[in-house]
Amino acid sequence: MRNSWKTSRRVAIAKIKAGWKRLPLPPGDFVPINPLQAGDRKVLITKAGNGCSILTTVWGDRVHICVLNLATARRLLAQHREDLNSISIDLKSIVPKGFLRTMEGEDHKTYRKLFSRAMAGSVARSAVTDVCVIIDQGVTGMLDGGTETEVQRVLEQIALRVLIRTLVGVRSHTAAFDEIEQQFRAMGPDGFVWKIGPSQRAAFKIIYNRLLALITDANGEIGIDSNSVLGRLVNGDLIDSTTIGNLIYMVEMGRSDFQSLFSWIVRFIGDDPSILRQAFSSQPPTSGVSRAQAVVLEALRMEQSIALMRSVKRDFVFDGLLIPKGAAVRICLWEIHKAASTFEDALTFNSDRFLQREFSADQFAPFGLGHHRCPAAEFTTQIASLFVEAYARARCV
(Lines give C-alpha, C1' and ligand atoms only; values in the text may rest on other atoms or scores of the structure.)
Protein backbone atom coordinates (compact mmCIF):
# COMPACT_ATOMS: atom_id res chain seq x y z
CA MET A 1 0.00 0.00 0.00
CA ARG A 2 2.85 2.37 0.91
CA ASN A 3 4.64 1.71 -2.39
CA SER A 4 1.40 2.27 -4.28
CA TRP A 5 0.95 5.65 -2.56
CA LYS A 6 4.54 6.67 -3.28
CA THR A 7 4.17 5.67 -6.92
CA SER A 8 0.92 7.62 -7.35
CA ARG A 9 2.49 10.68 -5.75
CA ARG A 10 5.55 10.58 -8.01
CA VAL A 11 3.46 10.09 -11.13
CA ALA A 12 1.21 13.01 -10.13
CA ILE A 13 4.21 15.29 -9.54
CA ALA A 14 5.66 14.41 -12.96
CA LYS A 15 2.34 15.17 -14.68
CA ILE A 16 1.94 18.48 -12.82
CA LYS A 17 5.45 19.55 -13.80
CA ALA A 18 4.79 18.67 -17.43
CA GLY A 19 1.57 20.71 -17.45
CA TRP A 20 3.17 23.67 -15.69
CA LYS A 21 6.19 23.73 -18.04
CA ARG A 22 4.02 22.94 -21.08
CA LEU A 23 6.33 20.12 -22.08
CA PRO A 24 5.28 16.55 -22.91
CA LEU A 25 6.61 13.60 -20.96
CA PRO A 26 7.96 10.64 -22.96
CA PRO A 27 5.11 8.43 -24.23
CA GLY A 28 4.02 5.42 -22.24
CA ASP A 29 1.48 6.76 -19.78
CA PHE A 30 3.38 5.34 -16.77
CA VAL A 31 2.68 1.70 -17.59
CA PRO A 32 3.92 -0.58 -14.75
CA ILE A 33 6.36 -2.88 -16.52
CA ASN A 34 6.92 -5.33 -13.64
CA PRO A 35 3.74 -7.35 -14.30
CA LEU A 36 4.07 -6.95 -18.07
CA GLN A 37 7.58 -8.38 -18.15
CA ALA A 38 6.61 -11.15 -15.74
CA GLY A 39 4.22 -12.37 -18.42
CA ASP A 40 6.39 -11.56 -21.44
CA ARG A 41 10.01 -10.52 -21.12
CA LYS A 42 9.93 -9.29 -24.70
CA VAL A 43 7.23 -6.68 -24.12
CA LEU A 44 9.62 -3.72 -24.47
CA ILE A 45 11.19 -5.23 -27.60
CA THR A 46 7.79 -4.99 -29.26
CA LYS A 47 7.51 -1.33 -28.34
CA ALA A 48 11.03 -0.65 -29.63
CA GLY A 49 10.12 -2.42 -32.87
CA ASN A 50 7.22 -0.02 -33.25
CA GLY A 51 9.70 2.86 -33.42
CA CYS A 52 9.49 3.91 -29.78
CA SER A 53 12.99 4.79 -28.53
CA ILE A 54 12.04 6.31 -25.18
CA LEU A 55 9.16 5.35 -22.91
CA THR A 56 7.75 6.48 -19.54
CA THR A 57 7.02 3.53 -17.26
CA VAL A 58 6.83 2.64 -13.59
CA TRP A 59 9.20 0.11 -12.03
CA GLY A 60 8.64 -0.67 -8.35
CA ASP A 61 7.63 2.62 -6.75
CA ARG A 62 9.62 4.87 -9.09
CA VAL A 63 9.09 6.51 -12.46
CA HIS A 64 11.42 4.94 -15.03
CA ILE A 65 12.33 6.49 -18.36
CA CYS A 66 13.16 3.44 -20.50
CA VAL A 67 15.55 4.10 -23.39
CA LEU A 68 15.30 1.45 -26.11
CA ASN A 69 17.90 2.63 -28.60
CA LEU A 70 21.68 2.88 -28.09
CA ALA A 71 22.18 5.96 -30.27
CA THR A 72 19.46 7.75 -28.30
CA ALA A 73 20.98 6.60 -25.02
CA ARG A 74 24.43 7.81 -26.04
CA ARG A 75 23.11 11.27 -26.92
CA LEU A 76 21.14 11.51 -23.69
CA LEU A 77 24.13 10.57 -21.53
CA ALA A 78 26.47 12.91 -23.39
CA GLN A 79 24.14 15.92 -23.37
CA HIS A 80 22.94 15.54 -19.78
CA ARG A 81 25.95 14.08 -18.01
CA GLU A 82 25.68 16.70 -15.23
CA ASP A 83 21.98 16.03 -14.72
CA LEU A 84 22.38 12.33 -13.95
CA ASN A 85 23.90 10.19 -11.21
CA SER A 86 24.93 6.58 -11.68
CA ILE A 87 23.01 4.13 -9.49
CA SER A 88 25.02 1.41 -7.78
CA ILE A 89 26.00 0.16 -4.33
CA ASP A 90 26.81 2.83 -1.72
CA LEU A 91 30.30 2.10 -0.34
CA LYS A 92 31.05 5.43 1.34
CA SER A 93 30.71 3.90 4.80
CA ILE A 94 33.81 1.76 4.13
CA VAL A 95 35.45 3.39 1.08
CA PRO A 96 36.20 7.14 1.48
CA LYS A 97 35.21 8.31 -2.00
CA GLY A 98 32.73 5.53 -2.70
CA PHE A 99 32.46 3.14 -5.63
CA LEU A 100 33.98 4.11 -8.99
CA ARG A 101 30.63 3.62 -10.74
CA THR A 102 29.01 6.32 -8.62
CA MET A 103 31.86 8.87 -8.54
CA GLU A 104 31.51 12.12 -10.44
CA GLY A 105 33.73 15.07 -11.34
CA GLU A 106 37.47 15.04 -10.67
CA ASP A 107 37.27 12.02 -8.36
CA HIS A 108 35.76 9.91 -11.13
CA LYS A 109 38.23 11.22 -13.70
CA THR A 110 41.22 10.49 -11.45
CA TYR A 111 40.27 6.98 -10.31
CA ARG A 112 38.85 5.87 -13.65
CA LYS A 113 42.10 6.83 -15.37
CA LEU A 114 44.01 4.89 -12.76
CA PHE A 115 41.96 1.69 -13.12
CA SER A 116 41.82 1.98 -16.92
CA ARG A 117 45.61 1.98 -17.04
CA ALA A 118 45.87 -0.94 -14.61
CA MET A 119 43.36 -3.02 -16.59
CA ALA A 120 44.66 -2.13 -20.04
CA GLY A 121 46.00 -4.92 -22.22
CA SER A 122 45.85 -8.65 -21.77
CA VAL A 123 46.06 -10.61 -18.54
CA ALA A 124 49.73 -11.27 -17.80
CA ARG A 125 51.10 -14.56 -19.16
CA SER A 126 52.19 -15.61 -15.66
CA ALA A 127 48.61 -15.22 -14.45
CA VAL A 128 47.05 -16.95 -17.48
CA THR A 129 48.76 -20.21 -16.55
CA ASP A 130 47.28 -20.10 -13.04
CA VAL A 131 43.87 -19.03 -14.37
CA CYS A 132 43.78 -22.00 -16.75
CA VAL A 133 44.61 -24.38 -13.91
CA ILE A 134 41.83 -22.89 -11.75
CA ILE A 135 39.30 -23.15 -14.58
CA ASP A 136 40.38 -26.66 -15.64
CA GLN A 137 40.12 -27.99 -12.10
CA GLY A 138 36.69 -26.44 -11.62
CA VAL A 139 35.29 -27.58 -14.97
CA THR A 140 36.58 -31.13 -14.46
CA GLY A 141 34.85 -31.31 -11.09
CA MET A 142 31.66 -29.82 -12.54
CA LEU A 143 31.48 -32.40 -15.33
CA ASP A 144 31.74 -35.24 -12.82
CA GLY A 145 28.05 -34.66 -12.14
CA GLY A 146 25.95 -32.87 -9.55
CA THR A 147 22.81 -30.86 -9.11
CA GLU A 148 22.26 -27.46 -10.66
CA THR A 149 22.98 -25.89 -7.26
CA GLU A 150 26.31 -27.71 -7.09
CA VAL A 151 27.19 -26.64 -10.63
CA GLN A 152 26.49 -23.01 -9.76
CA ARG A 153 28.62 -23.33 -6.64
CA VAL A 154 31.55 -24.56 -8.75
CA LEU A 155 31.10 -21.73 -11.27
CA GLU A 156 31.08 -19.19 -8.45
CA GLN A 157 34.21 -20.77 -7.00
CA ILE A 158 35.99 -20.55 -10.36
CA ALA A 159 34.97 -16.90 -10.73
CA LEU A 160 36.13 -15.88 -7.25
CA ARG A 161 39.47 -17.67 -7.48
CA VAL A 162 40.23 -16.28 -10.94
CA LEU A 163 39.50 -12.74 -9.76
CA ILE A 164 41.63 -13.06 -6.64
CA ARG A 165 44.50 -14.27 -8.82
CA THR A 166 44.17 -11.64 -11.57
CA LEU A 167 42.80 -8.52 -9.88
CA VAL A 168 44.37 -8.84 -6.43
CA GLY A 169 47.43 -10.72 -7.68
CA VAL A 170 47.70 -13.25 -4.85
CA ARG A 171 49.02 -16.55 -6.15
CA SER A 172 46.84 -19.61 -5.58
CA HIS A 173 47.86 -22.43 -3.23
CA THR A 174 49.17 -19.94 -0.67
CA ALA A 175 47.98 -19.15 2.84
CA ALA A 176 47.19 -15.56 1.82
CA PHE A 177 45.04 -16.74 -1.09
CA ASP A 178 43.06 -19.13 1.12
CA GLU A 179 42.52 -16.47 3.78
CA ILE A 180 41.33 -13.86 1.30
CA GLU A 181 39.00 -16.36 -0.40
CA GLN A 182 37.51 -17.27 2.97
CA GLN A 183 36.82 -13.62 3.82
CA PHE A 184 35.15 -12.96 0.47
CA ARG A 185 32.81 -15.84 1.23
CA ALA A 186 32.10 -14.24 4.61
CA MET A 187 31.11 -11.02 2.81
CA GLY A 188 28.40 -12.83 0.86
CA PRO A 189 28.01 -16.55 1.63
CA ASP A 190 24.77 -16.73 -0.38
CA GLY A 191 25.59 -14.21 -3.07
CA PHE A 192 26.28 -10.52 -3.41
CA VAL A 193 24.95 -8.34 -0.56
CA TRP A 194 23.88 -4.84 -1.62
CA LYS A 195 23.52 -3.37 1.87
CA ILE A 196 26.74 -3.04 3.87
CA GLY A 197 26.23 -4.71 7.24
CA PRO A 198 28.44 -5.94 10.11
CA SER A 199 29.49 -9.11 8.25
CA GLN A 200 30.58 -7.15 5.19
CA ARG A 201 32.45 -4.58 7.29
CA ALA A 202 34.33 -7.22 9.25
CA ALA A 203 35.38 -9.27 6.22
CA PHE A 204 36.25 -6.15 4.23
CA LYS A 205 38.55 -4.94 7.01
CA ILE A 206 40.41 -8.26 7.15
CA ILE A 207 40.88 -8.36 3.35
CA TYR A 208 41.96 -4.71 3.32
CA ASN A 209 44.57 -5.18 6.05
CA ARG A 210 45.85 -8.38 4.44
CA LEU A 211 46.35 -6.58 1.13
CA LEU A 212 48.20 -3.73 2.83
CA ALA A 213 50.54 -6.27 4.37
CA LEU A 214 51.07 -7.97 1.00
CA ILE A 215 51.74 -4.79 -0.96
CA THR A 216 55.00 -4.13 0.82
CA ASP A 217 56.82 -6.81 2.76
CA ALA A 218 59.60 -6.30 5.31
CA ASN A 219 62.17 -5.84 2.53
CA GLY A 220 60.10 -3.20 0.76
CA GLU A 221 59.23 -5.45 -2.18
CA ILE A 222 55.80 -6.19 -3.61
CA GLY A 223 54.30 -9.33 -2.12
CA ILE A 224 51.82 -9.74 -4.96
CA ASP A 225 52.12 -10.35 -8.70
CA SER A 226 53.39 -7.05 -10.13
CA ASN A 227 51.48 -7.75 -13.37
CA SER A 228 48.12 -8.07 -11.61
CA VAL A 229 45.73 -5.12 -11.46
CA LEU A 230 46.74 -4.39 -7.85
CA GLY A 231 50.42 -4.76 -8.76
CA ARG A 232 49.99 -2.20 -11.55
CA LEU A 233 48.10 0.12 -9.22
CA VAL A 234 50.94 -0.04 -6.70
CA ASN A 235 53.32 1.04 -9.46
CA GLY A 236 50.94 3.79 -10.58
CA ASP A 237 50.33 7.32 -9.43
CA LEU A 238 47.92 6.65 -6.60
CA ILE A 239 47.33 3.81 -4.16
CA ASP A 240 45.08 4.67 -1.23
CA SER A 241 42.12 3.35 0.73
CA THR A 242 39.70 4.27 -2.07
CA THR A 243 41.78 2.42 -4.66
CA ILE A 244 42.10 -0.74 -2.56
CA GLY A 245 38.47 -0.59 -1.44
CA ASN A 246 37.25 -0.34 -5.04
CA LEU A 247 39.42 -3.26 -6.07
CA ILE A 248 38.01 -5.40 -3.25
CA TYR A 249 34.47 -4.66 -4.40
CA MET A 250 35.35 -5.27 -8.03
CA VAL A 251 36.19 -8.80 -6.96
CA GLU A 252 33.10 -9.06 -4.76
CA MET A 253 30.67 -7.87 -7.44
CA GLY A 254 32.65 -9.48 -10.25
CA ARG A 255 32.35 -12.99 -8.88
CA SER A 256 28.56 -12.85 -9.27
CA ASP A 257 28.85 -11.34 -12.75
CA PHE A 258 31.35 -13.96 -13.91
CA GLN A 259 29.34 -16.78 -12.37
CA SER A 260 26.33 -15.66 -14.42
CA LEU A 261 28.40 -15.35 -17.59
CA PHE A 262 29.95 -18.81 -17.12
CA SER A 263 26.48 -20.22 -16.48
CA TRP A 264 25.11 -18.72 -19.71
CA ILE A 265 28.05 -20.11 -21.68
CA VAL A 266 27.51 -23.62 -20.29
CA ARG A 267 23.79 -23.44 -21.04
CA PHE A 268 24.16 -22.15 -24.59
CA ILE A 269 26.98 -24.30 -25.89
CA GLY A 270 26.10 -27.30 -23.70
CA ASP A 271 26.76 -30.44 -25.67
CA ASP A 272 26.57 -28.84 -29.11
CA PRO A 273 29.35 -30.77 -30.90
CA SER A 274 29.86 -28.16 -33.62
CA ILE A 275 30.52 -25.30 -31.18
CA LEU A 276 32.56 -27.47 -28.83
CA ARG A 277 34.84 -28.79 -31.57
CA GLN A 278 35.36 -25.36 -33.09
CA ALA A 279 36.12 -23.73 -29.74
CA PHE A 280 38.42 -26.60 -28.77
CA SER A 281 40.42 -26.57 -31.98
CA SER A 282 40.25 -22.88 -32.87
CA GLN A 283 43.43 -21.02 -33.67
CA PRO A 284 44.13 -17.44 -32.55
CA PRO A 285 42.40 -15.11 -35.02
CA THR A 286 44.51 -13.15 -37.47
CA SER A 287 41.87 -10.44 -37.31
CA GLY A 288 38.55 -9.89 -35.60
CA VAL A 289 37.55 -12.28 -32.82
CA SER A 290 38.20 -15.95 -32.08
CA ARG A 291 35.51 -18.62 -31.83
CA ALA A 292 35.74 -18.50 -28.02
CA GLN A 293 35.41 -14.71 -27.98
CA ALA A 294 32.41 -14.93 -30.30
CA VAL A 295 30.72 -17.35 -27.89
CA VAL A 296 31.34 -14.92 -25.01
CA LEU A 297 29.95 -11.92 -26.92
CA GLU A 298 26.86 -13.82 -28.04
CA ALA A 299 26.22 -15.05 -24.49
CA LEU A 300 26.39 -11.44 -23.29
CA ARG A 301 24.06 -10.32 -26.08
CA MET A 302 21.53 -13.03 -25.32
CA GLU A 303 21.38 -12.94 -21.55
CA GLN A 304 22.93 -9.84 -20.07
CA SER A 305 19.86 -8.63 -18.22
CA ILE A 306 21.49 -5.64 -16.61
CA ALA A 307 20.11 -2.23 -17.50
CA LEU A 308 22.28 0.86 -17.15
CA MET A 309 20.68 2.97 -14.45
CA ARG A 310 20.92 6.72 -13.84
CA SER A 311 19.09 8.85 -11.29
CA VAL A 312 17.78 12.23 -12.50
CA LYS A 313 19.20 15.01 -10.29
CA ARG A 314 17.14 17.86 -11.78
CA ASP A 315 14.47 18.40 -14.41
CA PHE A 316 15.84 18.56 -17.95
CA VAL A 317 14.55 18.53 -21.51
CA PHE A 318 15.72 15.92 -24.04
CA ASP A 319 14.43 15.91 -27.62
CA GLY A 320 11.58 18.17 -26.52
CA LEU A 321 10.53 15.79 -23.73
CA LEU A 322 10.56 16.56 -20.01
CA ILE A 323 12.68 14.16 -17.95
CA PRO A 324 11.56 14.83 -14.37
CA LYS A 325 13.75 15.04 -11.28
CA GLY A 326 13.63 11.89 -9.15
CA ALA A 327 12.96 9.56 -12.08
CA ALA A 328 15.35 6.81 -13.10
CA VAL A 329 16.72 6.63 -16.63
CA ARG A 330 16.83 2.96 -17.56
CA ILE A 331 18.90 2.04 -20.63
CA CYS A 332 17.46 -1.35 -21.54
CA LEU A 333 20.46 -3.29 -22.84
CA TRP A 334 18.75 -6.68 -22.90
CA GLU A 335 16.03 -5.35 -25.17
CA ILE A 336 18.39 -3.21 -27.26
CA HIS A 337 20.54 -6.24 -28.01
CA LYS A 338 17.50 -8.04 -29.46
CA ALA A 339 16.80 -5.45 -32.14
CA ALA A 340 15.69 -7.30 -35.27
CA SER A 341 17.05 -4.48 -37.43
CA THR A 342 20.57 -5.20 -36.13
CA PHE A 343 20.60 -8.90 -35.24
CA GLU A 344 19.09 -11.42 -37.61
CA ASP A 345 17.01 -14.04 -35.77
CA ALA A 346 17.80 -12.00 -32.66
CA LEU A 347 16.27 -14.35 -30.08
CA THR A 348 18.40 -17.32 -31.19
CA PHE A 349 21.94 -18.00 -29.95
CA ASN A 350 24.31 -17.76 -32.91
CA SER A 351 27.93 -16.93 -32.11
CA ASP A 352 28.79 -16.93 -35.84
CA ARG A 353 27.28 -13.47 -36.14
CA PHE A 354 30.35 -12.04 -34.37
CA LEU A 355 32.67 -13.87 -36.75
CA GLN A 356 30.85 -12.60 -39.81
CA ARG A 357 30.61 -8.89 -39.02
CA GLU A 358 31.57 -6.17 -36.58
CA PHE A 359 28.90 -4.27 -34.69
CA SER A 360 29.19 -0.57 -33.95
CA ALA A 361 28.98 1.01 -30.51
CA ASP A 362 25.45 2.15 -31.38
CA GLN A 363 24.41 -1.46 -31.97
CA PHE A 364 26.18 -3.50 -29.28
CA ALA A 365 27.38 -2.24 -25.89
CA PRO A 366 27.73 -5.15 -23.43
CA PHE A 367 30.03 -3.17 -21.15
CA GLY A 368 28.04 0.02 -20.98
CA LEU A 369 28.52 3.41 -22.60
CA GLY A 370 29.44 6.92 -21.69
CA HIS A 371 32.02 7.96 -19.11
CA HIS A 372 30.95 5.09 -16.82
CA ARG A 373 31.71 2.36 -19.38
CA CYS A 374 33.32 -0.64 -17.64
CA PRO A 375 37.14 -0.37 -17.80
CA ALA A 376 37.40 -4.18 -17.53
CA ALA A 377 35.82 -5.00 -20.91
CA GLU A 378 38.90 -6.59 -22.48
CA PHE A 379 39.77 -8.33 -19.22
CA THR A 380 36.28 -9.85 -18.97
CA THR A 381 36.27 -11.09 -22.55
CA GLN A 382 39.69 -12.70 -22.17
CA ILE A 383 38.86 -14.51 -18.91
CA ALA A 384 35.51 -15.73 -20.25
CA SER A 385 37.20 -16.91 -23.48
CA LEU A 386 39.63 -19.00 -21.42
CA PHE A 387 36.59 -20.52 -19.73
CA VAL A 388 34.98 -21.35 -23.10
CA GLU A 389 38.16 -23.05 -24.30
CA ALA A 390 38.57 -25.02 -21.05
CA TYR A 391 34.93 -26.13 -21.08
CA ALA A 392 35.12 -27.17 -24.74
CA ARG A 393 38.39 -29.00 -24.13
CA ALA A 394 36.94 -30.90 -21.18
CA ARG A 395 33.79 -31.86 -23.09
CA CYS A 396 35.69 -32.98 -26.17
CA VAL A 397 38.37 -34.94 -24.33
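The values are calculated or read from the model by the stated rules, or taken from the named source; none is laboratory data. This is a predicted model, so every value here is computed, not measured. Using ideal geometry, Cβ is built from the backbone for each residue, glycine included, and neighbour counts are taken over all protein chains shown.
Computed quantities for the displayed model
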quantity: Segments classed as helices (runs of 4 or more DSSP H), wholly inside the range 37-151, with at least 3 members that are in contact with a strand residue (DSSP E or B) (Cβ under 9 Å, 6 or more places away or on another chain) and touching a residue at least 24 places away in the same chain (Cβ under 8 Å); calculated: 70-79
quantity: Residue that is nearest to S256 (Cα to Cα), among those in the range 131-156 that are at pLDDT 90 or above and crowded, with 20+ Cβ neighbours inside 10 Å; calculated: E156
quantity: In the range 17-52, the residues that are modelled with pLDDT of 90 or more and either under 14 Å from L333 (Cβ atoms) or not basic (K, R) (or both); calculated: A18, G19, W20, L23, P24, L25, P26, P27
quantity: Residue that is modelled with the lowest pLDDT, among those in the range 289-309 that are under 18 Å from E335 (Cα atoms) and in contact with an Asp or Glu (Cβ under 9 Å, 6 or more places away or on another chain); calculated: I306
quantity: Any hit, the range 193-201, residues being part of a loop (DSSP other than H, G, I, E, B) and either surrounded by 13 or more Cβ atoms within 10 Å (Cβ to Cβ) or modelled with pLDDT under 90 (or both); calculated: yes
quantity: Set Q259, Q293: member being in contact with a Ser or Thr (Cβ under 7 Å, 6 or more places away or on another chain) and assigned to a helix (DSSP H, G or I); calculated: Q293
quantity: Residue check, I196 within 22 Å of the chain's Cα centre (by Cα), more than 25 Å from F262 (Cβ to Cβ) and aliphatic (A, V, I, L, M); calculated: yes
quantity: Residue list for the range 16-48, restricted to those being over 30 Å from L347 (Cα atoms) and surrounded by 15 or more Cβ atoms within 10 Å (Cβ to Cβ); calculated: K17, A18, L23, L25
quantity: Odd one out for A384 among (1) among the aliphatic types (A, V, I, L, M); (2) touching a Leu at 6+ places or on another chain (Cβ under 7 Å); (3) farther than 30 Å from N227 by Cα; (4) modelled with pLDDT of 90 or more; calculated: (3)
